[in-house]
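Working notes, beginning with the structure itself.
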Amino acid sequence: MPRSRPLPQAVRGCWYYVPPSFEVEDGLDNPRQVMSFNVDGTFTRYEIKKDRRKDAETGEYTFDGHFLIIRGRRTHTFRVHRPAFWRWKLEGKKKSWVLLRGLASEDARDNALPEEDRRDIKLLPLRARIEADFSDEDVIHRVIYDQDERQRRLLGTFFVEHLPGEHLWVGVTPLVCDLSPKTWERIIKESYLGKFLGKPKDIDAVTVHLLDCHQSREFDL
């Protein structure tokens, strides 16, 4: 169960920003918005339509665990409800929104992976491949496992932040309940940094932070 009052930094990173009527099943086919909340108190809202992205709004925000205040072209105050750590409801005076770490159904984390699939990913993390709509930093990366030619499973999502000193911080949202922190570390190291990014030369250290349990793992490249 999520904490009754999350820490202010719990909002950091990238979210899908959707109306309450949003249908998850059609999410990647419809126009959508992404909110990126930076650790310095600034935010950017992006609009994504027909595989194109544009900056729609920038500004500042504050979050105290109960209320999220967004100061862009206008100031909006939302009361935050957290039915899950990865799914927040923003209640406004005139309009409400939903923040999603990934386009998944509300019961996604209740569905465990078959033992054979879990063992397969543990032994060969490259089987979990990485997808993203764009190649730059402010995006939501999807971790996909193809169980066979017909079944495509969303294992989780993540966002990245570049910290001083060639240090990469990765915030992971597991959308399955039974992959270990060590397995997530190997997915980021092998599937993302190795295959997706091609072993970048400008990163020396990596922190993988699991947003569901607040565990972190660090490794050097």
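The values are calculated or read from the model by the stated rules, or taken from the named source; none is laboratory data. No experiment lies behind these values; they were computed from the predicted model shown. Reconstructed Cβ throughout: ideal geometry from the backbone, glycine too, with neighbour counts over all protein chains shown. Surface areas here come from the heavy atoms of the whole protein model, side chains and all, with no ligands, DNA or RNA. Shrake-Rupley method; radii C 1.70, N 1.55, O 1.52, S 1.80 Å.
Of the residues examined, ARG79 is not one that is open to solvent by 40 Å² or more (accessible area, probe 1.4 Å) and without any contact (Cβ under 8 Å) to a residue 12 or more places away in the chain. Among the residues making up region 177-188, a single one is among the charged types (D, E, K, R) and under 17 Å from the mean Cα position of the chain (by Cα): GLU185. Return a yes/no flag: does region 122-130 have any residue that is free of Cβ contacts under 8 Å to residues at least 60 places away in the same chain and open to solvent by less than 80 Å² (accessible area, probe 1.4 Å). Looking through region 122-130, none of the residues is free of Cβ contacts under 8 Å to residues at least 60 places away in the same chain and open to solvent by less than 80 Å² (accessible area, probe 1.4 Å).
Quick check: anything in region 161-176 in contact (Cβ under 8 Å) with a residue 60 or more places away in the chain and open to solvent by 70 Å² or more (accessible area, probe 1.4 Å)? Checked against the condition, which is being in contact (Cβ under 8 Å) with a residue 60 or more places away in the chain and open to solvent by 70 Å² or more (accessible area, probe 1.4 Å), region 161-176 yields no hits at all.
Applying the condition of being within 20 Å of the chain's Cα centre (by Cα) and of a type in the set (D, E, K, R) to region 195-214 and asking which residue is farthest from PRO6 (Cα to Cα) yields LYS195. Against the numbered list (1) open to solvent by 50 Å² or more (accessible area, probe 1.4 Å); (2) in contact with a His (Cβ under 6 Å, 6 or more places away or on another chain), ALA205 comes up short only at (1). Residues that are at pLDDT below 90, touching a strand residue (DSSP E or B) at 6+ places or on another chain (Cβ under 9 Å) and either basic (Lys, Arg) or under 17 Å from ALA10 (Cβ atoms) (or both) within region 41-62 comprise LYS49, ARG53, LYS54, listed in sequence order. Between THR183, THR207, THR157, the distinction of being of a type in the set (S, T, N, Q) and closer than 27 Å to GLU47 by Cα belongs to THR157 only.
The test for being of a type outside the set (Ser, Thr, Tyr) and modelled with pLDDT under 90 holds for ASP29.
Selection of region 155-180 for residues being within 14 Å of VAL143 (Cβ to Cβ), hydrophobic (A, V, I, L, M, F, W, C) and out of contact with any Cys (no Cβ under 7 Å at 6 or more places or on another chain) yields LEU155, PHE158, VAL160, VAL170, VAL172, LEU175, VAL176, LEU179. Being open to solvent by 50 Å² or more (accessible area, probe 1.4 Å), within 18 Å of TYR16 (Cβ to Cβ) and of a type in the set (Asp, Glu) is a description that applies to ASP133.
For region 177-186, filtered to residues that are of a type outside the set (Asp, Glu) and either more than 17 Å from GLY102 (Cα to Cα) or not in a helix (DSSP H, G or I) (or both), the residue that is most open to solvent (accessible area, probe 1.4 Å) is LYS182.
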